[in-house]
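What follows is a set of notes on a single structure, which appears directly below.
Rule-based calculations on the coordinates, nothing more; no lab input. Keep in mind it's a predicted model, so treat the numbers as computed, not measured. Note that we place each Cβ from the backbone using ideal geometry, even for glycine, and neighbour counts take in every protein chain shown.
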Amino acid sequence: MVSIIKSKLPVDRDDINAMVKKAIDLIGGIEKFVKKGDVVVIKPNLFAPYPPPISVDRRVVGALVALCKVAGAKKTVVIEGVSVGTLMKRANLDASDRENRLVRGMKTVDMMKLLGLKKSVEAAGGEVCGVEDVQTERVAVQNGKVLHSIEYPKVILESDVFINVPALKTHTMTLVTLGIKNLQGILTEADRYFGHRDDIDQHLVDILKVRKPDLTLVDGLIGMEGMGAGEGGTPVPMGLILSGTDPVALDSVCTRVMGIDNPFVVNTTRIAAHDSLGVADPTRIEVVGETVDSVKKKFQLPINYLQPIDTMVTGVYPNVDVYIGGACSSCWLMAAGVLANIAKIKEGASLIVGADPKVPPGKNWDLKNTFLLGDCAIGCAGEVREIRNKITLEGYDTFLYGCLPYQQAMIKLEDILLERGITSEQEIIEKAKANRQRFFEYYKEFDPSWELEL
Ligand code: SF4
């Protein structure tokens, strides 16, 4: 059973408290989940140091903590591990600098404080912690297909009740990010980071096999469409809170609420149902409160779900030649991500990607401006190895490592362009500030009481 509660926007703290309570009441009430003396762990979605919809609303989490306390919880802990991009410090930016610290490079608890979530949780009688600060235990993943064992926070393993609080967002790698995707935040930084390959969907479903949340509450007050789940996305006012006990059913319903009529196109939902972790078939899910049809909006999908990824990689920039072959979908996506930066090299550049790119033999490469993206390309034999060796001997380092070559590759490229004076630190900061302003202004209108806790 999945409950849907809708309210007109904007909503204040009392409205949110009522919505959260009602959503849970419709599926049995908080007492069904939390008993006297229980230790409860809540996992919210805090993607980056930005307010909703990039991160969940602090007041939703506070309302949930307060409800757990009323039900008799002995202790309620709110735990999260921020996105890998947030943990990774941008080159040459001083994270302790107040003005620049929002760019990236921040630990989870600092971010919880900054966004007011720590205060909201503590005021309701709970406590906060970051995944990077707690003890973990290596646990086997029963029936895991790509994850066979993982480092898992002990605080969740040992809790009596586990509550998942995702947001309602699109995602460039997984199409949507809801309850199943939100669990990635409980992994260690390394597992989180390297989990973003083309097998990410099965990887996410495998995490769910360790411990299924007892309850999932979706913050759908403001959703996100487009190039989510971070600063690239666009807010969508929704005024929704959804809850349920079956994480697969909840993701299935949320997907339809976002205007994607067939929930089986979301890989995590389809695979989780296939692996018997829940029900994805809409005809088998009871929805209480509002109906899906009465609340749904057609969310703009990420552009890579609307047009072939090739159209964003090959034949795009006149000054960049792309040699891509034997690359998985993740490296195609990463190639699309780095190309705009490589294209800033006015004299022209080459990008080599994949396990078997068919580069022309004997070509006179401009080694300084020849970039190898991903461990597959960097580890290639044959002609590509010759190119790699020449680049090294000439003293250049244009190797964008990683499988997948994610944030660290982006940051390395950014550093190269900074060193060469092609971009400036100021340009990076200004871009981040513009993003910050866009989201902060939007959210301030929604909740004028919100202030950053610097
Ligand atoms: S390095 Fe290879 S396997 Fe890894 S993301 Fe790139 S193409 Fe895929």
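Tabulated results
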{"read-out": "Along principal axes, Cα extents of the chain, largest first, whole Å", "value": "72, 46, 42"}
{"read-out": "Neighbour-count order for 245, 170, fewest beta carbons within 10 angstrom listed first", "value": "245, 170"}
{"read-out": "Structure-based [θ]222 nm, the chain - -39500 (n - 2.57) summed over DSSP H runs of at least 4, per residue, nearest 500", "value": "-10000 deg cm²/dmol"}
{"read-out": "Residue order, fewest to most surrounding Cβ atoms within 10 angstrom, among 234, 255", "value": "234, 255"}
{"read-out": "Exposure rule at most 11 other beta-carbon atoms within 10 Å, DSSP loop trypsin sites (Lys or Arg not before Pro): the chain longest free segment", "value": "99-297"}
{"read-out": "C-alpha center-to-center spacing [the stretch 421-436, the stretch 302-361] in angstrom", "value": "23"}
{"read-out": "For the stretch 308-423, Kirkwood radius (reciprocal of mean inverse C-alpha pair distance, Å)", "value": "13.9"}
{"read-out": "Packing-based exposure ordering (other Cβ within 10 Å, fewest first) of 67, 242", "value": "67, 242"}
{"read-out": "Part-to-part distance (alpha-carbon centres) for the stretch 1-63 and the stretch 194-211, which is given in Å", "value": "25"}
